[in-house]
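Notes to accompany the following structure.
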Amino acid sequence: MLENRFPNIKVIESGVKQLKSEEHCILTEDGNQHVYKKLCLCAGAKPKLICEGNPYVLGIRDTDSAQEFQKQLTKAKRIMIIGNGGIALELVYEIEGCEVIWVIKDKAIGNTFFDAGAAEFLTSKLIAEKPEGKIAHRRTRYTTEGRKKEARTKGDAANVGSALGPDWHEGLNLKGTKEFSHKIHIETMCEVKKIYLQEEFRISRKKSLTFPRDPNNQSVSTDKEIWPVYVELTNEKIYGCDFIVSATGVTPNIEPFLCGNNFDLGEDGGLKVNNHMHTSLPDIYAAGDICTASWEPSPVWQQMRLWTQARQMGWYAAKCMAAATLGDSIDMDFSFELFAHVTKFFNYKVVLLGKYNAQGLGSDHELMLRCTKGQEYVKVVMQNGRMMGAVLIGETDLEETFENLILNQMNLSAYGEDLLDPDIDIEDYFD
């Protein structure tokens, strides 16, 4: 499809066998060799599975694994979700007709994105019914239309497909075998201790628990149902389920490129890149989840392995490669001036700006909050009278104004708490 639209593009469908950086060539698994002048590595990241090789542990990272998840869910009565990031947050709300036990190692949900206050605001929505229509997105939509891929064989299971993107669950029917809307039980501050297959659990003579019906009533009885897999948690509780979703983050997918190449690596395992997305090796660039930003960042930007940021990096890397080829200089792209991420959790619009969780600001910052239960949650991070970050949940219409206030670092000390007064049209005031 791309080749038809752009004659200068050639698409090669094959895995990378080896990168020979000194010879400027790549060997692919189909036996071919491809010489390059400049190379950009955009191999993304791999899910950190809690257990490798277990048929009942499913990682969701790309479009193919998301479709496999949908297929498994149609036969499921109960599943367990391990993790507290973006995919886990979306899954627990979207799944219907299936009991969900959600295991998180933190005190509150969405620890990657939210503080305890925002988590409490969202939790009330999680346990309620979902009668409302879905909010509309005012942005470009990304889908995987076109030729249908054949189902992958087990041998291909390690090959990752297209990245999920922000709308990954829109085309999926995430419904289990039951008729109810959704039932969710959250186990906080614990992790997986051991996973048992059905026969292993029978031999162990241990007892599993039924799905807790009342979150306020801690008494639960022994589960009489036989499940394909059982999970023992570090809080000593054991639950049976049809399968486990491992949503515990990702690790940069660097292995195919390391052999014989002396890349500088970041502490998180990514390929270090400078402010022109260039790695430590000549003519090799990297973008997205595979790389670690190693330049001195803007005071209100940080790297997070998010789809939106990967897209910005890829776009900027292409500009840098083109400029280097022509011998031109290029300025740092504006998208790295301010961290900004727009998404949707529990059918609320969520906007994260700057140091939204006061990352790296030390103890001399203050928070300002405004919350209307079931409607909106606004948190602003201030330091020395200047806005450094914000979390906006719901239709607040504040994102553009706050983006500008964070970027221009205007001293807002004189406004105090009036900054979040709902009776003051802050957008018009700072226009």
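The values are calculated or read from the model by the stated rules, or taken from the named source; none is laboratory data. These numbers come from a predicted model, not from an experiment. FYI the Cβ positions are ideal-geometry reconstructions off the backbone, even for glycines, and counts take in every protein chain you see. Ligands, DNA and RNA are excluded from the accessible area calculation, which covers all protein heavy atoms including side chains. Shrake-Rupley method; radii C 1.70, N 1.55, O 1.52, S 1.80 Å.
So, for region 214-294, what is the accessible surface per residue at a probe of 1.4 Å, expressed in square angstrom?
Dividing the accessible area of region 214-294 by its residue count gives 43 Å².
Starting from the Cα-Cα distance between THR74 and ILE127, subtract it from 0.36 nm times their residue separation and give me the gain in nm to one decimal.
On the way: separation 53, 0.36 × 53 = 19.08 nm, distance 2.18 nm.
Length difference between fully extended and current span is 16.9 nm.
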### Simple label model, 7 Å out from Cα along Cβ direction - GLN359 to MET304, nm
0.7
### Task
At 1.4 Å probe size, with every protein chain present, just tell me what the per residue accessible area of region 1-140 comes to in Å².
54
### Query
With r defined as the distance between the Cβ atoms of LYS344 and ALA414 and R0 fixed at 35 Å, what FRET efficiency is calculated, to the nearest 0.05?
0.50
### Query
Check ILE330: other-chain or 5+ apart residues with amide H under 5 Å from its amide H, H built from backbone geometry?
none
### Message
Over the chain, with a Gaussian network built from C-alpha contacts below 10 Å, which listed residue (VAL220, VAL11, VAL100) shows the highest mean-square fluctuation?
### Response
VAL11
### Task
Would you pull out the residues with amide H under 5 Å of ALA45's amide H, same chain only if 5 or more places away, H placed 1.01 Å from N?
ASN253
### Task
Can you send over the solvent-accessible area of CYS190, 1.4 Å probe, protein chains only, in Å² to the nearest 10?
0
### Message
Which residue fluctuates most in the GNM of the chain (Cα springs below 10 Å): GLN375, GLN383, GLN312?
### Response
GLN375
### Query
Which value in nm describes the separation of the simple spin-label points at ASP423 and ARG205, placed 7 Å from the Cα toward the beta carbon?
7.0
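Taking 0.36 nm per residue of sequence separation and subtracting the Cα-Cα distance, how much length would be gained by fully extending the chain between LEU258 and ILE9, in nm to one decimal?
On the way: separation 249, 0.36 × 249 = 89.64 nm, distance 2.63 nm.
That pair, LEU258 and ILE9, stretches by 87.0 nm at full extension.
Mind ranking TRP227, TRP315 by accessible surface for me, highest first, 1.4 Å probe? Intermediate results must be reported in sequence, preceding the final value.
Values: TRP227 10, TRP315 150 Å².
Correct descending sequence by accessible area is TRP315, TRP227.
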### Message
Given a 1.4 Å probe and heavy atoms of the protein chains only, how would you sort TRP301, TRP307, TRP295, largest accessible area at the top?
### Response
TRP307, TRP295, TRP301
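With the Cα gyration tensor of the chain giving a ≥ b ≥ c as the square roots of its eigenvalues, does the rule (a/c under 1.5 for rounded; else a/b larger than b/c for prolate; else oblate) give rounded, prolate or oblate? Walk me through the numbers on the way to the answer.
Values: a/c = 1.88, a/b = 1.09, b/c = 1.73.
Judged from the Cα gyration tensor, the chain comes out oblate (a/c at least 1.5, b/c at or above a/b).
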### Message
Which residues does the label zone of LYS319 cover in region 256-285, counting backbone N under 19 Å from a point 7 Å along Cα→Cβ?
### Response
273-279, 285
### Task
Have a look at GLU376, GLU99, GLU200 and tell me which one the Gaussian network model of the chain (Cα, springs below 10 Å) gives the largest fluctuation.
GLU200
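Return the subset of LYS75/LYS206; LYS10/LYS75; LYS107/LYS355; LYS237/LYS379; LYS17/LYS75; LYS17/LYS319 for which the Cα-Cα distance in this structure is over 32 Å, preserving the input order.
LYS10/LYS75; LYS237/LYS379; LYS17/LYS75
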### Message
Using a 1.4 Å probe on the protein heavy atoms, what percent of the accessible area of region 326-431 belongs to carbon and sulfur?
### Response
44
### Query
With every protein chain in place, what's the accessible area of THR28 (1.4 Å probe, Å², nearest 10)?
10
## Note on the structure
Output ordering of 72-85, 266-279 (per-residue mean of other Cβ within 10 Å, highest first) is 72-85, 266-279
### Query
Summing -39500 (n - 2.57) over the DSSP H runs of n ≥ 4 in the chain and dividing by its residue number, what mean residue ellipticity at 222 nm do you reach, to the nearest 500 deg cm²/dmol?
-5000 deg cm²/dmol
### Query
What aspartates and glutamates sit close enough to LYS20 to cross-link, taking a C-alpha to C-alpha distance under 17 Å and skipping anything fewer than 8 places away on the same chain?
GLU29, ASP30, GLU255, ASP264, ASP283
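Give me the number: length gained by fully extending LEU369 to THR234, i.e. 0.36 nm times residue separation minus the C-alpha to C-alpha distance, one decimal in nm. Numbers along the way, then the final one.
Working: separation 135, 0.36 × 135 = 48.60 nm, distance 3.46 nm.
Extending this stretch completely gives an extra 45.1 nm.
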### Message
Could you give each residue of region 46-58 its phi-based ³J(HN,Hα) in whole Hz, using Karplus coefficients 6.51, -1.76, 1.60 with θ = phi - 60°, and x for Gly or Pro?
### Response
10, x, 7, 6, 5, 7, 7, x, 8, x, 9, 10, 10
## Note on the structure
Quick calc, GLU337 & GLU225: beta-carbon distance into FRET formula, R0 41 Å, rounding 0.05, result 0.15
